[in-house]
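Structure record follows, encoded as structure tokens.
The values are calculated or read from the model by the stated rules, or taken from the named source; none is laboratory data. Just so you know, these numbers come straight off a predicted model, no measurement behind them. Here the Cβ positions follow ideal geometry from the backbone for every residue, glycine too, while neighbour counts run over all protein chains shown. Surface areas here come from the heavy atoms of the whole protein model, side chains and all, with no ligands, DNA or RNA. Shrake-Rupley method; radii C 1.70, N 1.55, O 1.52, S 1.80 Å.
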Amino acid sequence: MIDSHCHLDLPEFEPDWQDVLSSAVSKGVERILIPGTTVSGWQRQQDMAADNAQLDVAFGLHPYFFPDEPDNALAALREQLQTTTIKPVAIGEIGVDGAIDTPIEAQQALFEAQLEMASEQSLPVILHHRRSHHLLLESIKRSRFTQGGVIHAFSGSEQVARQYIDAGFKLGVGGTITYSRAQKTRQTVANIPLQHLLLETDAPDMPMSGRQGARNEPQFIGEVVAALAELHGITPEVVTEQTTANYFALFGSRTQCK
Ligand SMILES: [Zn+2]
């Protein structure tokens, strides 16, 4: 199993992230991708990945945190991509958040600047959405972005899902589908062929059904696999095998830079 979206670098995991990683590995998690969110986080991600071959990293500027970032954040991202000792597998987590105060135009400009960097680097992207599918799809189209990526924590209709798939994206599937009340997303995920899906936890957020109130962890990703297997009427082994293949097809695997 691969956790394609886990914020193992956040303060919630600071005291025990190595134990969290070991627990995940002992439950069969073979890789974890840590998306980037802020300038100050990239170095920590790089340090964590340097000592742990199971960790992949992406660097990016998350719209939610951007208002507190330094003015030169985009230049810093460009520099990070040139100087990193760990090759990122993607640019992310980037996107547009329709539930924050930052003006949409400014968010789209930041998003499109990062799409352009991803194109220059021939890297896929990790997308964040909240009430913003139409805005993300608009920016992707306007930027003529063709590197693909993943729409993280996908929720929405099958019609929207198909638009992302047509644009070269996979759908990130996490704890949401473990809740029986999440009917719309469960229905969408059940109707989309497995080859377009990736597993994720979004830990420490998005706890699985029955674990509300507790910190989410990558070791619980088997619960997403079980829910997905049930929705598709197949075995958990087939889900694991196909989603792992999907991950490597999209992201490859990181290599050490010199
Ligand atoms: Zn995230």
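Mind telling me which of the residues D9, D3 ends up being within 16 Å of the ligand (Cβ to nearest atom) and in contact with a Lys or Arg (Cβ under 7 Å, 6 or more places away or on another chain)?
D9
Residues checked against (1) surrounded by fewer than 15 Cβ atoms within 10 Å (Cβ to Cβ); (2) within 24 Å of S26 (Cα to Cα); (3) more than 17 Å from the chain's Cα centre (by Cα); (4) of a type in the set (K, R):
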{"site": "D166", "(1), (2), (3), (4)": "yes, no, yes, no"}
{"site": "T176", "(1), (2), (3), (4)": "no, yes, no, no"}
{"site": "S180", "(1), (2), (3), (4)": "yes, no, yes, no"}
{"site": "R186", "(1), (2), (3), (4)": "no, no, yes, yes"}
{"site": "N191", "(1), (2), (3), (4)": "yes, no, yes, no"}
{"site": "L199", "(1), (2), (3), (4)": "no, yes, no, no"}
{"site": "G210", "(1), (2), (3), (4)": "yes, yes, yes, no"}
{"site": "R215", "(1), (2), (3), (4)": "yes, yes, yes, yes"}
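A99 is checked against (1) over 21 Å from P204 (Cβ atoms); (2) surrounded by fewer than 19 Cβ atoms within 10 Å (Cβ to Cβ); (3) within 16 Å of the ligand (Cβ to nearest atom) and fails just one. What number does that condition carry?
(1)
Determine if the range 118-135 includes at least one residue that is in contact with a strand residue (DSSP E or B) (Cβ under 7 Å, 6 or more places away or on another chain), more than 23 Å from W42 (Cβ to Cβ), at pLDDT 95 or above and buried (at least 24 other Cβ atoms within 10 Å of the Cβ).
No: zero hits.
So which of V20, V29, V25 ends up being among the β-branched types (V, I, T), away from the ligand (no atom under 14 Å from the Cβ) and not in a helix (DSSP H, G or I)?
Step by step, each of V20, V29, V25 is checked, and only V29 is among the β-branched types (V, I, T), away from the ligand (no atom under 14 Å from the Cβ) and not in a helix (DSSP H, G or I).
State which residue is most open to solvent (accessible area, probe 1.4 Å) when the search covers only the range 102-117 and only residues that are closer than 19 Å to R144 by Cα and not aliphatic (A, V, I, L, M).
E105
What's the number of the condition G92 fails, among (1) open to solvent by less than 60 Å² (accessible area, probe 1.4 Å); (2) more than 16 Å from the ligand (Cβ to nearest atom); (3) not hydrophobic (A, V, I, L, M, F, W, C)?
(2)
State all residues of the range 47-81 that are touching a helix residue (DSSP H, G or I) at 6+ places or on another chain (Cβ under 9 Å) and aliphatic (A, V, I, L, M); if no residue qualifies, say none.
Correct list: M48, L55, V57, A58, L61, A73, L74, A76, L77, L81.
Does the range 217-226 contain any residue that is surrounded by fewer than 18 Cβ atoms within 10 Å (Cβ to Cβ) and at pLDDT below 95?
Scanning the range 217-226, I find no residue that is surrounded by fewer than 18 Cβ atoms within 10 Å (Cβ to Cβ) and at pLDDT below 95, so the answer is no.
Where the second residue is more than 16 Å from the ligand (Cβ to nearest atom) and of a type in the set (S, T, Y) and the first is over 17 Å from S132 (Cβ atoms) and lies in the range 142-166, which pairs have Cβ atoms under 9 Å and are six or more apart or on separate chains?
Qualifying pairs under 9 Å: R144/S119; T146/S119; Q147/S119; Q147/S122; E158/T188.
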